[in-house]
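Here's the structure we're looking at; comments come further down.
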Amino acid sequence: MTTVITQKTSPARMARTAITVAALVVSATQLAGCFPVLAGAVGTGVVMATDRRPTGTQTIDRGLQLEIDNTLNARYSGQARVDAAVFNRKVLLVGEAKDANVKQQVDQYVRGLSNAREVVNELEITSSPGFMTKSNDAYLTSKVKTLLVTADGVPANSIKVTTDKSVVYLMGVVTSAEGDKATEVARNASGVQKVVKVFDYVSDAERARLDAASSSTNGNTGSEAVGTPAPVQSVPGTAPNAPVTSGAPATTATNGTTTSPVAAPVSSPVALPPGRSLP
């Protein structure tokens, strides 16, 4: 008689395995643009549930992304090449602007969006913004995503990867140890010139709470799911678990350190459908 032992697999583990397979396929074929499609096709529901951002915050992030992309592409065509990345209502700007005036205009526009709680402006000034590095940057982004998904101790679903001219920027809601591990993984990827951390740091206790609450929180429409970003820590070791005030003045950061002031929890901005002007 043959005994068959059936091992139960958690949804999170199944999602990790499915995304890993998709990511490896992309990495092998160097079709960077296919990664979101493949990963989304095999594990969208579970990925949403294991993201440390509430569902409402994810919705606001997507709306901000579309609003910024559409506006900047229309307003600064030929004057700037701006790639915006949004995570936890923090906006990262990378690329090039033809002069300091254009860079400042882009910065002021993004800071004027009330749903953007912080802006990290990494735009470089160059007389002729170029577009020739985007293909290689997309491939490096895909490669780093693959390595993060397959690395132990890295919350890949809570980390966003952006690459500009072979410099990798890491955003996300992580502990200090998780951020260091993700950084080490990314910096060892061939072709990566430098890694810049733009993380929101949380304590181990807050990480455990966010992970435990992610499935239930992302599945309801309660106040937390309306758009309050995950709590962050300005500098590791100080002001743990303090939520960021969305109305606080944004501060440009170039070293990945969150510099927004912290305060008591605040009411969430209203999430609007993508493509509409945000309040």
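The values are calculated or read from the model by the stated rules, or taken from the named source; none is laboratory data. Since this is a predicted model, take the numbers as computed values, not measurements. Using ideal geometry, Cβ is built from the backbone for each residue, glycine included, and neighbour counts are taken over all protein chains shown. Protein only, heavy atoms only, side chains kept; ligands, DNA and RNA dropped before computing areas. Shrake-Rupley method; radii C 1.70, N 1.55, O 1.52, S 1.80 Å.
Tabulated data for the structure shown
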{"read-out": "Contour minus Cα-Cα distance for Gln108 and Arg75 (0.36 nm per residue)", "value": "10.5 nm"}
{"read-out": "Surrounding net charge for Gly172, when Lys and Arg each add one and Asp and Glu each subtract one, Cβ distance under 11 Å", "value": "+2"}
{"read-out": "Cross-link table Lys103/Lys165; Lys143/Lys165; Lys98/Lys145, entries beyond 26 Å C-alpha to C-alpha", "value": "Lys98/Lys145"}
{"read-out": "Nearby aspartates and glutamates by direct alpha-carbon distance to Lys181 (threshold 16 angstrom, same-chain neighbours under 8 apart not counted)", "value": "Asp152, Asp200, Asp204"}
{"read-out": "Ranked by how many other beta carbons lie within 10 Å on average, peptides 140-151, 84-95 from highest", "value": "84-95, 140-151"}
{"read-out": "Residue-count net charge about Ala189 - beta-carbon cut-off 12 Å; Lys, Arg +1, Asp, Glu -1", "value": "+3"}
{"read-out": "Where a label projected 7 Å from the Cα of Asn188 along Cα→Cβ would reach, residues of segment 147-166 with amide N under 15 Å", "value": "147-154"}
{"read-out": "Accessible area in the full protein assembly, largest first, 1.4 Å probe, for Arg62, Arg111", "value": "Arg62, Arg111"}
{"read-out": "Inter-label distance for Asp204 and Ala100, nm, one decimal - labels placed 7 Å from Cα along Cα-to-Cβ", "value": "4.7 nm"}
